[in-house]
Structures are given as C-alpha cells and as structure tokens.
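Participant: This is the structure I want to talk about, given as structure tokens.
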Amino acid sequence: MVRIYTIDDDSERYIPVTLDTLVPGTQIPFEIFTHDGTIYKSLLDKGSTYSYFAQKMIEHQALSRFYIRQGSALSFNEYMHNADKLKGMILDPHFFEAGYKEFRGKWFVIDKLVLNSGIDFTVPLGGLRFPLYGEIPFIIDCDSAYRLLLDLNSDIAIRKRDIDAYYAYLDAVLDAENIDDPLLKIRARREKLKVWCYRVHEEAGNGAISADTLLKLFKHISIVMTLIANDFSYAGKFLHFDVSDVFLCIHSTNVCLMSLMHGHVMNMDDASLLNLGIAAMLHDVGRVAIDENATENSSDEMEREIYKSHVVLGKALLDSCKDVPKAAKEVALTHHEREDGSGYMFGLTGDKIHPFSKIVALADTFETQRVTGYNQSFMKRTKILEYLVLNGHRFDPEVLKTFLRFVAGLAL
Ligand SMILES: [Fe+2]
Ligand SMILES: [Fe+2]
C-alpha cells in the first residue's frame, strides 16, 4: 500500500468525489483523501500533479472514490469549471513543454534498477514516461509501488534536493556484504560517478567549479577506470542507455565510460587513460552555459549556432580551473571537429585534431544516437555502427576501427 501519512481527525467533514473528475497532467489545487471505513488518509498533496502515474497507481489500488475536505469545495468547483479547458491544454504541446521543462529543472533521473537492492529507500520518486510526464508525490514505502513503476516502464527520478540521500543509499549498496549481484554494484558505482558529474555541472552553471568537487570527480573516474580494466567483460554494464530523454550528466557519464573502454583496448597507460576519462566527462561542460532549447538539429539556424558555441564556452569555463588537465580543455573545444574538416568550430582536419577528441567524437556520436530524446525512439547498436561506417570519412580510420570492434563486442 502506498501512503504518505495518516489523518486521524475524523471530525472534519469530507466530500466524496469520483476519480474520473481529475484530469491527468494537471495540478490539483486541493488535498485528496481516501477513506478505509475508519480513517481518512491523505493521498495527494495540495498543489501536486495528478500525473499519469498517480492515476495508474490509484487504479492499481482499485480506488474509484475519494474525498476532499469540505473547506476545499470552492477550489474544487473552480477546478471542475476549468477541467475541460485543462483537458485541451495538456494536449497542447506548448503546455506539455512548459511542464516538462519544470520537471527537468527539479528532477534527477536515476538508474531505476539500482533501487532493486533490498536496502530501504525512502526518498520520493518521480516518474517520467512519454508522451506524458508527471511526478508521483508518494513515498515509495513498499516493493509493490516500485514494481508498478517498473511495470509502467517509466524512467524514475528523484528530486535534485534529495541527491545527497541518494548518494548515501548508493554507498550503502556498495558497502552491503549480502549483495551478490555484481551488476548492482556496477550500477551504484556508475551512479556515484554521475552524481559527481552533476555536481561539477551545477557548479559550472554557477560560473565556477571548485577544486574539491573536481578532485572528487577525478577520483571516481579513476575508480571506475580501474574496475573496467580489471574485468572488461562487465564493461558494457556500466553504460546507461535506457532513458527516454537526453540528460547532460547521463550523456557525459556514458561518453566518459565509453572513452575509458576505448583507451583501455588501445592499451593506453594509466595516466593518459585518466586524462582521457576526465576530458570525456567534461567534454560538454559548455552546454550548461547555453539555452537548453538550442540543439544541434534545431530548425532555427540561430539556435544551431548557439548550440555550437558550447565548445568555446566549455573551453573558457575549464580555462578558469587550474586543476583541469590541458587535454580536457582541448577536447572541450575540439570534440565536434571531424577528420575531413566537416566539423566545427574551426574545420580542423586529421593531425590538427587532438587524439582524445577523436575518441570522444565517436563515443559522443554513438551515445547521442542511442539516447535520442523523447520524440524519437533509440537506434539499435548495429544501426549506429552502420551509420558510423557510412560516415567513416568523418573519423580517424584507426580510431574508428578500434571503436567498432570493441563496441560490437560489448555485453550491454
Ligand atoms: Fe558537444
Ligand atoms: Fe556530447
């Protein structure tokens, strides 16, 4: 059973309403209760979103009737008055985009399978599943609620303000001696790395990355680098592609991990490998400084140009941090350059492009096609590799050959 807290004040008067009066995707301006015959329990907080997930969870509990406080009658009437308009609005893409943007601003998408450890996790979870979005204002206090989210095949997110609690949970998973599943520990390691990437990006967004946060990020890159080198058969399991939209720290972590694998199969020495990992992790840091609407494939030329500027902005951001390796600054600036001169910002060719940028370019292209965003479905690995071969003139032939070979063999 799902529950937030219990209301034991029966003296208050409640009005019954039916479930289908609520419009999924809308904010509910009153608190909603269930009644089990003796007590009223709070089900949805005032102001929370009656999301697609909330609807499914309530349906799952076979509740068709619930209650509002009599004092909420006015806001309920007003809500009903607007209900039809609201139904029309949530089908309006602009309304959807605005709501979704808010979701992106507040929530942090996690690897849902990392919660499958048996260790208590009492942080509120949000669900994200296209084309509808929403949050679940419930504390997941039982296995079945979490299972239901998995059944819905939704992405699962936590509020950004709960990231520290999530991090503590990840530590508990790594410390647990009774967890035999090596994949769970791999997931927890990757998630910790992702959290450090997120923290660095947050600080970069505020204009300055602290030396302390950077060093923590480097430390976690180094740990994962050693794990990949020690047992390459599990390497593919570090990657996280099963998300329905593009999130910068998931993207950067995947690109970092793939670049580490690439460096490893090239027999790179440890110092170079760590520098490559750092460079790959920070390659898109400039994206924190540009408008989120600006994308590489935007139909608006101005937006495409704004997107391209992330390479210059990233280099400038990293130039202001003394602990960042030189190669990382170079990669931030040149990871969109292509072998035949067809890339940006400078149209560099061949040897003029830093060798790390050539590696990151491939991981970056692969990752971007694998996780394409909510309006497209992801491409299969073989299709992406085919695409890379067809566009072979854009990549260094030796680097491409190594990439194709190890990616084709990864157990994802
Ligand atoms: Fe980029
Ligand atoms: Fe990228």
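Bear in mind that the values in this text are calculations on the coordinates, not laboratory data. Predicted model, so just to flag it, every value in this text is computed and none were measured. No Cβ is skipped: glycine too gets one built from the backbone with ideal geometry, and neighbour counts run over all protein chains shown.
Participant: How high is the relative contact order of the stretch 189-409, in percent, counting Cα pairs under 8 Å that sit 6 or more residues apart?
Facilitator: Computed value for the stretch 189-409: 19 percent relative contact order.
Participant: When only C-alpha pairs under 8 Å and at least 6 residues apart count, what is the relative contact order of the chain, in percent?
Facilitator: Reported as a whole number, the value is 11 percent.
Participant: With angles folded into 0 to 90 degrees, how steeply does helix 93-106 sit against the dominant principal axis of the chain? Use alpha carbons for both and round to 10.
Facilitator: Between the helix axis and the principal axis of the chain, the angle is about 80 degrees.
Participant: Here is a further query. Fewest to most neighbouring Cβ within 10 Å: what's the order for T382, T26?
Facilitator: The most exposed by this proxy come first: T382, T26.
Participant: W107's amide H: which non-local residues (gap 5+, or another chain) put their own amide H closer than 5 Å, with H modeled 1.01 Å from N in plane and none for Pro or chain starts?
Facilitator: K160
Participant: What angle do you read, to the nearest 10 degrees and between 0 and 90, between the alpha-carbon axis of helix 73-90 and the longest principal axis of the chain?
Facilitator: The two axes meet at around 40 degrees.
Participant: Explain nothing, just the number: dipole magnitude of the chain about its Cα centre with +1 on each Lys and Arg Cβ and -1 on each Asp and Glu Cβ, in debye rounded to the nearest 20.
Facilitator: 520
Participant: Here is a further query. Neighbour counts of other C-beta atoms within 10 Å: give me F232, F366 arranged from fewest to most.
Facilitator: Lowest count first: F232, F366.
Participant: Does anything in the stretch 255-291 have its amide N under 18 Å from the 7 Å Cα→Cβ label point of K401, and if so which residues?
Facilitator: Of the residues in the stretch 255-291, 262-268 have backbone N under 18 Å from the label point off K401.
Participant: Hey, what do the phi angles of the stretch 294-306 turn into as Karplus ³J(HN,Hα) couplings, whole Hz, using 6.51/-1.76/1.60 and θ = phi - 60°, x for Gly and Pro?
Facilitator: Karplus values, whole Hz, x for Gly and Pro: 6, 10, 4, 9, 4, 6, 8, 4, 4, 5, 5, 5, 4.
Participant: Please enumerate, by chain and number, the lysines with C-alpha under 19 Å from the C-alpha of K219, excluding those fewer than 8 residues away in the same chain.
Facilitator: Within the straight-line cut-off, K219 pairs with K185, K192, K194, K322, K326, K329.
Participant: Would you grab the residues whose amide H sits under 5 Å from the one on D396? Only those 5+ places off in sequence or on another chain, please, with H modelled 1.01 Å from N.
Facilitator: E339
Participant: If you plug each phi of the stretch 343-351 into the Karplus form 6.51 cos²θ - 1.76 cosθ + 1.60 with θ = phi - 60°, what whole-Hz ³J(HN,Hα) values come out, in order, with x for Gly and Pro?
Facilitator: After applying 6.51 cos²θ - 1.76 cosθ + 1.60, I find x, 10, 8, 10, x, 5, 10, x, 5 Hz.
Participant: Shifting gears a bit: Work out how much length L390 to N82 would gain on full extension: take 0.36 nm times their residue separation and subtract the Cα-Cα distance, in nm to one decimal.
Facilitator: Gain on extension, L390 to N82, equals 105.6 nm.
Participant: Between D36 and R161, what's the calculated FRET efficiency when r is the beta-carbon distance and R0 is 35 Å? Round to 0.05.
Facilitator: The computed FRET efficiency comes out at 0.65.
Participant: Picking from L400, H283, F238, whose Cα lies most toward the positive end of the charge dipole for the stretch 189-409 (charges on Cβ: Lys, Arg +1; Asp, Glu -1)?
Facilitator: About the Cα centre, the residue reaching furthest to the positive side is F238.
Participant: Follow-up question, since we're still on this one. Under a plain spin-label model, where a point goes 7 Å from the Cα along Cα-to-Cβ, how far apart in nm are K352 and N267?
Facilitator: 3.2
Participant: May I ask you to evaluate 6.51 cos²θ - 1.76 cosθ + 1.60, the Karplus curve with θ = phi - 60°, for each residue of the stretch 25-42 and list the ³J(HN,Hα) values in order in whole Hz, giving x for glycine and proline?
Facilitator: Residue by residue, the stretch 25-42 yields x, 9, 7, 9, x, 8, 7, 10, 10, 10, 9, 9, x, 10, 10, 9, 10, 6 Hz.
Participant: When N is the residue count of the stretch 173-278, what does its C-alpha Rg come to as a fraction of 2.2 N^0.38 Å?
Facilitator: Its radius of gyration relative to the 2.2 N^0.38 Å reference: 1.08.
Participant: Still on this structure, please answer the following. Where nothing but the Cβ of Lys and Arg (+1) and of Asp and Glu (-1) is charged, how large is the charge dipole of the stretch 189-409 around its Cα centre, in debye to the nearest 20?
Facilitator: Computed charge dipole of the stretch 189-409: roughly 640 debye.
Participant: Sorted from largest to smallest, which semi-axis lengths in Å does the alpha carbon gyration tensor of the chain give for its equivalent ellipsoid, taking the root of 5 times each eigenvalue?
Facilitator: Taking √(5λ) for each eigenvalue gives 44, 24, 18 Å, largest first.
Participant: For the chain, what does the helix formula give at 222 nm: sum of -39500 (n - 2.57) over DSSP H segments with n ≥ 4, over the residue count, nearest 500 deg cm²/dmol?
Facilitator: Only helices count here, giving -16000 deg cm²/dmol.
Participant: Give me, ordered by chain and number, the residues 5 or more places off G25 or on other chains with an amide H under 5 Å from its own placed amide H.
Facilitator: The list, which skips near neighbours in sequence, is Y50, S51, Y52.
Participant: Any idea which of T34, L74, T368 is furthest toward the positive side of the dipole for the chain, if Lys and Arg beta-carbons carry +1 and Asp and Glu beta-carbons -1?
Facilitator: T368
Participant: Report, to the nearest 10°, how far helix 182-205 tilts away from the longest principal axis of the Cα atoms in the chain, using its own Cα long axis and a range of 0 to 90°.
Facilitator: The answer is roughly 90 degrees.
Participant: Rg and Dmax of the stretch 189-409, using alpha carbons, in Å: what are they?
Facilitator: Both quantities, over Cα of the stretch 189-409: 16.0, 46 Å.
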